[in-house]
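To keep things clear, I will list the structure first and then write my remarks on it.
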Amino acid sequence: MKIKYYHIVLVSIIFSSCIAAQDSTSSAKNYLLDEITIISDKLNTKLADSPTNIEIIDEKEIESINGNTLPDILNTKANVFIKSYGLTPALSTISINGLGAEHTLIVVDGVKLNSFQNSHIDLSLIPINNIERIEIINNGVSSIYGSDALGGVVNIILKNKEILDKDRTTKYSASISQGSYKTIGYSINVYKELQKFNLGINYEKESSDGNYKYYFNSGNGKILKERENAAYALYNLGLRTQYIIDNENVIKFFSTYSDQDKQVPGIETGTTPAPTKQLDKNWNNILTIDNNLSENFYLKTNLNFQNNFMDYSVGRFLHSSYKNLVYLGSSELRFKEENYGITSGYSFSHATLESGELLDGIKRSQHALFLSSFYNFNKLIKIYPSARYDYISDISEETLTYKLGLNLQPLNKSQFGIRGNIGKNFRAPSFNDLYWINSGNKNLKSEKSFNLESGFYYWFSNFISGKFDFTYTFISAENKIVWSPQSNGLWAPQNIAKSISNNYSFSLNIEKTFSEKFSVNLNSGLQLTNTKKTSSSYQNDPTENKFIPYIPLQAINLNLGLNYGLFELNIFYSHCGKHYSDFANINEMDPYNTIDGNISFEINVFDIITKLKFEVNNITNSEYEVISGYPMPLRYYKLTFSINF
C-alpha cells in the first residue's frame, strides 16, 4: 500500500492550525516574524503586510543546515526545487512554481546575478559567507526586478556589520572541517570596527576527491560504483566595508571572488567518463550609498561590476571559454509615511560576452524606469501597485510590466491576513539564444507571462508560537523559447512554447520554548506543482499537455530543530514525488526520500566560543537521482570545528 505523504502532512498542518486557533485572544505582536521588514518590494514593508508569499531564511537557520553552499540552504524548502547534477560543487540550478532556472531571478542586495549569457546562475558558485538572510518570493515580480523574474525571486541580503560585545572592536573566527571522500575545508574571518568605519575579510578553501559511492543499474542488476573524474578545489575571498559619514549617510562596499577548479564526471553510462574539466572565476563588486534625506525621504544608489569567466575542456577534443562582463547602476528614491509610500527609480546595465562559441561583438544595454507604492486604507486593506518600463538595446524591444497586490487584515490585526496579486512578467532572450554560431535566432522576442497569486496566513502565539500559510499560484506563460531540430539538422531556438502552472503551497512553522535551556522548532512545507506545456511544436507533438520534466508533482520538507543547553540537533527530511525526465512524459523517475541531520556542541569560556558540529547526509542511504544519469551519493559525513573570539 502506497502512503500519500502529502495527505498526512496536509492533515497535520490543518490539525495543528486548529489547535493553535483555539485561543484567538493571544496577541501576535510578540511573535518574531511579525516584526521582520522585507526589502524585496523596494518599500521596506512588514512581512505580515506583504501581498506576496515571502519566506524568510534567517542567519540562525542558515547556520543550522548541513553544507556551506546556497543549494544546501534552499534545498530545505518545499517551494524551491534544486536541480543538482551531483555532489557539491556540481552544477545546481533552481525552479520555483514549476518554471525553469531561467525564470527564477537570483539577486544579492538587489543586484541581479543571472547570466546574460543563458539567464541561469549556477547556485554552487555563490558562497554563503556574510549572508544575513534570504527572502524567497513565491511569484514573478518583473515590475520591480525586470527580466527573468517570471516564477519567483531569491533575494540574498548581506550583513552590514557584526554584533560585538561591549568594549570590543575586533572579532576573529576560524574553522576546519573534514569529511568523506577526503574532503577538507578551512575558513578564516576577521572583522574590525572603528568609530565610523568597519571592515570584514573572509577566506575559505575546500577540496575533495569527490569519488562518492552509488549504485548503477547495468541491466543485469545493481553494481556499487565510485564516481570518477569528480575532484574539485574551491577558493572564496570576501571583503566588506561600511563607512558611516553621519547618522544620515552611509557607504557600503562588498567584493567577493570565487575560484572553482573542478573535474566534471558527466552522465553515467557505465563507461569511464571523459577527462572533462571546468574552471570558474567570478568577481562581484557592489557599492551602495544610502542617504536619509529627511524623516520621510530616502535615497539609495547601487553600482555593480561583475567579471565572470568559465573555461570548459574535454581532453584535447574540446575547449571553450566564456567571459561575461556586467556593469550596473541604479538609483531609487523612496518616500514613506504611516499610510502611504512610493519608490521610484532608474537602473542601467551593460553586458558583454566573449566566446568562440558565439558571434563576435555581443553586447546589451538595458534601461529601466520603475515605480512601486502602497496605500493603507484604515489599516484593514493595503494595496501595492508597481510598474516598470524596460528597453533592451540588442533586440530593440520595449517592455512594460506591472503588478497589483492586495493585503486584507479583516480582524484589524496582523495575526490573520488574506493576500493576492496579479501581474505581467517577462524574460528577454539570452545571448546563447540569439547569437550561438550557426544556431542562434536574432528574431527572438521576450517570453511573457501572466501571474496570479492568492492565499492567507495566520500567526498564533498561545501554547506554541508559529505561522500557517497557504498560497495558490497561477502562471500562464507564452512565447517561451524552445530549442528544437531544424531541417538542416541543427538545433535552433524559437518562440513557440506555452505553459500553464497551477501550484499549491502549504507551510507550517512552529516554535516552543519549554525552559531557558530547552526549545523546539519545526518548519514544514508541502508543494503541489502542476506545470504543463500547453502548445504544440508540430503536428501530433507528443509533448503537448505534458508535465515539464524534472519538476516534482509533490514535494515535502520537514525540518526539526532541538536546542538543549550547549547541544543542538537538527533533522531535515525531504520527499520528491512523481516526476519525469523527458518532455513526452515517457520516462518516469522514481520518487525519493532523504534524511540529513547534524548535532553540535558549543562552549563559551572567557568570551571564546568553540563549536563542534557533526553532519550526516543521506542518513537512510537512499539510492536516487535528481537528474537522470547523474547519481547522488549514498551516506556521507562531515565534521567541523570552529572558534570565535
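The values are calculated or read from the model by the stated rules, or taken from the named source; none is laboratory data. Source: prediction; values computed, not measured. Cβ placement follows ideal geometry from the backbone for every residue including glycine, while neighbour counts extend to all protein chains displayed. The protein model used for the area step is the full one, side chains on, heavy atoms only, and it has no ligands, DNA or RNA in it. Shrake-Rupley method; radii C 1.70, N 1.55, O 1.52, S 1.80 Å.
Working only within the range 538-564, note down all residues that are among the polar types (S, T, N, Q), touching a residue at least 12 places away in the same chain (Cβ under 8 Å) and open to solvent by 60 Å² or more (accessible area, probe 1.4 Å).
Step one: filter the range 538-564 for residues among the polar types (S, T, N, Q), giving 539-540, 543, 545, 554, 557, 559, 563.
Still in the list and also touching a residue at least 12 places away in the same chain (Cβ under 8 Å): 543, 545, 554, 557, 559, 563.
Selection gives Asn545 alone.
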Query raised in the report: Out of (1) polar (S, T, N, Q); (2) at pLDDT 95 or above; (3) surrounded by 15 or more Cβ atoms within 10 Å (Cβ to Cβ), the odd one out for Ser535 is which?
Result: (2)
Query raised in the report: In the list Asn44, Asn97, which residue meets the criterion of being at pLDDT below 90 and either open to solvent by 10 Å² or more (accessible area, probe 1.4 Å) or touching a Leu at 6+ places or on another chain (Cβ under 9 Å) (or both)?
Result: Asn44
Query raised in the report: Can you tell me which residues in the range 268-314 are within 17 Å of Glu248 (Cα to Cα), touching a residue at least 24 places away in the same chain (Cβ under 8 Å) and not in a strand (DSSP E or B)?
Result: Leu293, Asn296
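Considering the range 315-345 alone, what residues qualify as being among the aliphatic types (A, V, I, L, M) and buried (at least 16 other Cβ atoms within 10 Å of the Cβ)? Spell out the reasoning first.
Of all residues in the range 315-345, those among the aliphatic types (A, V, I, L, M) come to 318, 325-326, 328, 333, 342.
Correct list: Leu325, Val326, Leu328, Leu333, Ile342.
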Query raised in the report: From the list Pro265, Pro273, which one is over 28 Å from the mean Cα position of the chain (by Cα), surrounded by 15 or more Cβ atoms within 10 Å (Cβ to Cβ) and within 24 Å of Thr183 (Cβ to Cβ)?
Result: Pro273
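A quick yes/no check of all residues on (1) assigned to a strand (DSSP E or B); (2) under 26 Å from Tyr214 (Cβ atoms); (3) not acidic (Asp, Glu):
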residue	(1), (2), (3)
Lys60	no, no, yes
Glu63	no, no, no
Ile73	no, yes, yes
Phe81	yes, yes, yes
Thr88	no, yes, yes
Thr93	yes, yes, yes
Ile106	yes, no, yes
Report summary line: Filtering the range 371-416 down to residues that are among the aliphatic types (A, V, I, L, M) and open to solvent by less than 70 Å² (accessible area, probe 1.4 Å) yields Leu380, Ile381, Ile383, Ala387, Ile392, Ile395, Leu408
Query raised in the report: Any chance the range 594-609 includes a residue that's open to solvent by 30 Å² or more (accessible area, probe 1.4 Å), touching a residue at least 24 places away in the same chain (Cβ under 8 Å) and in a loop (DSSP other than H, G, I, E, B)?
Result: yes
**Report entry** Residue list for the range 189-214, filter: loosely packed, with under 14 Cβ neighbours inside 10 Å and in a strand (DSSP E or B)
**Finding:** Phe197
Query raised in the report: Where residues in the range 477-506 are over 23 Å from Arg427 (Cα atoms) and among the hydrophobic types (A, V, I, L, M, F, W, C), which of them is most open to solvent (accessible area, probe 1.4 Å)?
Result: Leu490
Query raised in the report: Mind checking which residues of the range 455-468 are surrounded by fewer than 17 Cβ atoms within 10 Å (Cβ to Cβ) and either assigned to a strand (DSSP E or B) or in contact with a Leu (Cβ under 6 Å, 6 or more places away or on another chain) (or both)?
Result: Phe456
Report task. Check every one of the strands (runs of 3 or more DSSP E) wholly within the range 127-182 and list those with 3 or more residues that are surrounded by 18 or more Cβ atoms within 10 Å (Cβ to Cβ) and under 15 Å from the mean Cα position of the chain (by Cα). Result -> 131-137, 152-158
Query raised in the report: Among Ile39, Ile62, which is open to solvent by 10 Å² or more (accessible area, probe 1.4 Å), out of contact with any Ser or Thr (no Cβ under 7 Å at 6 or more places or on another chain) and closer than 27 Å to Tyr402 by Cα?
Result: Ile39
Report summary line: Considering the range 218-260, residues that are of a type in the set (Asp, Glu) and farther than 26 Å from Ile184 by Cβ, and then whichever is surrounded by the fewest Cβ atoms within 10 Å (Cβ to Cβ), we arrive at Asp246
**Report entry** Single condition Gly489 does not satisfy, out of (1) in a loop (DSSP other than H, G, I, E, B); (2) under 30 Å from Tyr391 (Cβ atoms); (3) small (Gly, Ala, Ser)
**Finding:** (2)
**Report entry** Members of the range 455-481 found to be touching a Lys or Arg at 6+ places or on another chain (Cβ under 9 Å) and without any contact (Cβ under 8 Å) to a residue 60 or more places away in the chain, listed by number
**Finding:** Phe456, Ser476, Glu478, Asn479, Lys480, Ile481
